[in-house]
Amino acid sequence: MRRALVVIAVTLATLLAAAWPVVGSAAQPSPTDRTDRIDFNGDGFDDLAIGVPAEGVNGAILAGAVNVLYGGADGLAGTNQLLTQGNPEPVDLFGLAVAKGDFNADGFTDLAVGAPSEDVGAAGLAGAVNVFYGSADGLPATSQVRLQGNPENSDRFGLALDAGLFNDDDVMDLAVGAPGETVGGQLSAGAVSVFYGSAAGLPATSQGLFQGNPEQGDRFGAALVAGFFNADQGDLAVGAPGEDVGSAGGAGAVSVFSGAPGGLPATSQVRLQANPEVGDQFGSALAAGFFSGGTIFYDLAVGAPTETVGTSAGAGAVSVFLGSAIQLSETAAQTLVQGPGVGGTAEAGDEFGSALAAGFFDSGPSDLAIGAPFEDLGTATNAGAVNVVYGSNTGLVGRNQTLTQDSPGVVGTAESGDLFGAALARGIFFNNFNGDDFTDLAIGAPSEDVGAATDAGAVNVQYGSATGLPGPGGQLFTQDSPGVGGTAESDDGFGAALD
């Protein structure tokens with residue numbers, strides 16, 4: 001089964017052959033972000049972190065790195081900032097997940113970076129998270145390391161990240177997925193650790209969250225997103241894409257933990273599924289936004305990228321669940337597939353819904369961008385596409401468009417194996433990458449060839465406008481772009497994660 005984690009590069013796929021296939025989706029910027037906490041250096045323009053998980057560092061293959069682009073009035077610009085671990089080791093995959101939040105309430109956004117294959121002591125592939133704290137000078141070169149309370153083999157702690165306000169102290173917290181965690185003897189049942197922020201930053205200890213009935217291969221914690229889905233504190237949605245539902249193996253499920261003044265509860269309040277079928281992997285990607293036309297309660301979009309549509313296996317689907325004063329509805333209000341109303345055509349293996357990002361891309365209600373990284377474009381197989389469904393006062397039933405690297409205003413050329421749309425991230429709703437009133441969209445193509453460097457990776461940045469995407473000033477970044485740290489090399493996977 002194809003997934004961004006196993007297709008960024010042949011080398012990466014070989015080394016991770018024993019691991020499960022996982023959607024390479026960027027953690028969505030938290031719905032709790034506010035205009036006074038939007039960027040690493042406090043200049044009022046949102047910044048972009050780009051994961052390069054297969055980057056070699058000081059001879060350590062697949063150690064991983066993160067490139068940081070800083071926003072400004074003219075959009076994003078390279079600053080030659082390349083973050084790595086203090087002790088890079090082979091196959092750490094540092095940068096496979098990234099998430100932003102102000103974890104110490106100083107007004108500067110901080111960056112959490114997952115290294116899910118980090119060995120911790122004798123525990124191989126236990127995983128770790130590095131936290132870089134923002135300042136007026138941007139992000140530092142050194143970081144704080146956070147681990148699980150009991151690191152074990154193959155936990156994959158740090159494979160998914162998101163930030164939110166889960167209690168009432170007004171300081172952002174960090175949720176960390178460990179989908180390989182063994183729970184009660186059940187291999188890869190999965191777990192989530194929550195680190196509660198404070199003026200001193202993230203503590204060394206965390207709260208553990210688990211499914212009510214953990215089972216082998218559930219991969220609970222493979223995707224995370226925070227949002228205010230009801231009238232209480234911030235909430236956390238957790239994907240378990242390997243969950244069996246009845247006789248439907250790997251159908252997938254999502255658990256929602258509702259925040260309270262004391263933090264997240266030990267058990268989830270809502271469990272979401274949508275027409276469970278074998279191998280759907282519902283819950284592989286998550287996004288929160290105002291899809292129902294309101295601006296009070298967030299709604300939740302859930303990707304099922306291997307959903308069969310008609311006779312097209314692995315075409316993919318996205319379900320939308322609406323928030324309310326009480327809780328998220330357990331019944332999907334909309335199910336989106338490629339075709340009329342969405343754009344494109346549902347075809348076998350497109351994996352529509354592999355990545356999701358919400359935002360106000362035009363002057364209307366909240367919109368949804370949906371990655372289909374295995375979309376074929378003519379003879380260009382797996383070139384990739386992004387479907388943008390624009391909101392209306394009655395939900396995601398407005399106009400739609402399909403963006404590819406051959407679309408007008410999108411820099412680049414669609415080529416076989418680019419995987420355009422494997423990762424998505426949007427600028428903060430206000431004060432985004434260029435400081436206007438429209439949300440911007442970053443699109444990862446982690447298998448883009450750069451010159452002779454195969455699968456080096458690229459990131460397209462599309463700027464919102466009154467008429468939507470792509471607005472003027474679109475950009476294409478690689479590690480060979482002026483001001484971007486590092487060098488484009490084969491199999492780096494630049495753009496495999498974004499935030």
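Yes or no: the stretch 285-304 includes at least one residue that is open to solvent by 20 Å² or more (accessible area, probe 1.4 Å), modelled with pLDDT of 95 or more, in a loop (DSSP other than H, G, I, E, B) and of a type in the set (A, V, I, L, M).
no
Name the single residue, out of those in the stretch 482-498 being under 16 Å from residue 420 (Cα atoms) and either of a type in the set (Gly, Ala, Ser) or in a loop (DSSP other than H, G, I, E, B) (or both), that is nearest to the chain's Cα centre (by Cα).
497
Pairs under 6 Å by beta carbon, first residue open to solvent by 10 Å² or more (accessible area, probe 1.4 Å) in the stretch 445-463, partner part of a strand (DSSP E or B) and not hydroxyl-bearing (Ser, Thr, Tyr), six or more apart or different chains?
448/457; 448/458
Does at least one position in the stretch 371-382 carry a residue that is closer than 16 Å to residue 302 by Cα and touching a Phe, Trp or Tyr at 6+ places or on another chain (Cβ under 9 Å)?
There is at least one residue in the stretch 371-382 that is closer than 16 Å to residue 302 by Cα and touching a Phe, Trp or Tyr at 6+ places or on another chain (Cβ under 9 Å).
So how many residues does the stretch 200-221 have that are open to solvent by less than 70 Å² (accessible area, probe 1.4 Å), part of a loop (DSSP other than H, G, I, E, B) and farther than 19 Å from residue 131 by Cβ?
Here the count works out to 6.
Scanning for something within 18 Å of residue 354 (Cβ to Cβ), aliphatic (A, V, I, L, M), crowded, with 24+ Cβ neighbours inside 10 Å and touching a residue at least 12 places away in the same chain (Cβ under 8 Å), does the stretch 257-264 turn up at least one residue?
Checked the stretch 257-264: no residue is within 18 Å of residue 354 (Cβ to Cβ), aliphatic (A, V, I, L, M), crowded, with 24+ Cβ neighbours inside 10 Å and touching a residue at least 12 places away in the same chain (Cβ under 8 Å).
Find the strands (runs of 3 or more DSSP E) located wholly in the stretch 315-366 whose residues include 3 or more that are farther than 15 Å from residue 273 by Cα, and list them.
Those strands (runs of 3 or more DSSP E) span 355-359.
What is the one condition in (1) under 15 Å from residue 66 (Cα atoms); (2) open to solvent by 10 Å² or more (accessible area, probe 1.4 Å) that residue 145 does not satisfy?
Among (1) under 15 Å from residue 66 (Cα atoms); (2) open to solvent by 10 Å² or more (accessible area, probe 1.4 Å), residue 145 violates only (1).
Please go through the stretch 353-377 and give me each residue that is crowded, with 24+ Cβ neighbours inside 10 Å and over 21 Å from residue 457 (Cβ atoms), ordered by number.
Within the stretch 353-377, 353, 358, 359, 361, 366, 367, 368 meet the criteria.
Could you please find all residues in the stretch 142-183 being under 15 Å from residue 204 (Cα atoms) and of a type in the set (Asp, Glu)?
Hit for the stretch 142-183 is 173, nothing else.
Identify the residue in the stretch 183-199 that is in contact (Cβ under 8 Å) with a residue 12 or more places away in the chain and surrounded by fewer than 18 Cβ atoms within 10 Å (Cβ to Cβ) and, among all such residues, is farthest from the chain's Cα centre (by Cα).
184
Yes or no: residue 279 over 24 Å from residue 367 (Cβ atoms), open to solvent by less than 10 Å² (accessible area, probe 1.4 Å), part of a loop (DSSP other than H, G, I, E, B) and not charged (D, E, K, R)?
So residue 279 does not fit the description; no.
Can you find a residue that is buried (at least 18 other Cβ atoms within 10 Å of the Cβ), in contact (Cβ under 8 Å) with a residue 12 or more places away in the chain, in a strand (DSSP E or B) and of a type in the set (Asp, Glu) anywhere in the stretch 243-251?
No, the stretch 243-251 contains no residue that is buried (at least 18 other Cβ atoms within 10 Å of the Cβ), in contact (Cβ under 8 Å) with a residue 12 or more places away in the chain, in a strand (DSSP E or B) and of a type in the set (Asp, Glu).
Would you please name the residue that is surrounded by the fewest Cβ atoms within 10 Å (Cβ to Cβ), looking only at residues in the stretch 378-394 that are within 25 Å of the chain's Cα centre (by Cα) and in a strand (DSSP E or B)?
If we take residues in the stretch 378-394 being within 25 Å of the chain's Cα centre (by Cα) and in a strand (DSSP E or B), then 392 is surrounded by the fewest Cβ atoms within 10 Å (Cβ to Cβ).
I need a count of the residues in the stretch 417-437 that are over 16 Å from the mean Cα position of the chain (by Cα) and buried (at least 24 other Cβ atoms within 10 Å of the Cβ).
The qualifying residues number 3.
On the basis of being out of contact with any Gly (no Cβ under 8 Å at 6 or more places or on another chain) and at pLDDT 95 or above, does residue 61 make the cut?
yes
Looking at the stretch 414-437, is at least one residue at pLDDT 95 or above, in contact with a Pro (Cβ under 6 Å, 6 or more places away or on another chain) and outside any loop (DSSP other than H, G, I, E, B)?
No.
Is the stretch 443-457 home to any residue that is outside any loop (DSSP other than H, G, I, E, B) and out of contact with any strand residue (DSSP E or B) (no Cβ under 6 Å at 6 or more places or on another chain)?
Yes, there is a match, as at least one residue in the stretch 443-457 is outside any loop (DSSP other than H, G, I, E, B) and out of contact with any strand residue (DSSP E or B) (no Cβ under 6 Å at 6 or more places or on another chain).
The values are calculated or read from the model by the stated rules, or taken from the named source; none is laboratory data. Small disclaimer: the values here were computed from a predicted structure and weren't measured. Note: ideal-geometry Cβ built from the backbone for every residue, glycine included; neighbour counts use all protein chains shown. To get the accessible areas, we keep the full protein, side chains included, count just its heavy atoms, and leave off ligands, DNA and RNA. Shrake-Rupley method; radii C 1.70, N 1.55, O 1.52, S 1.80 Å.
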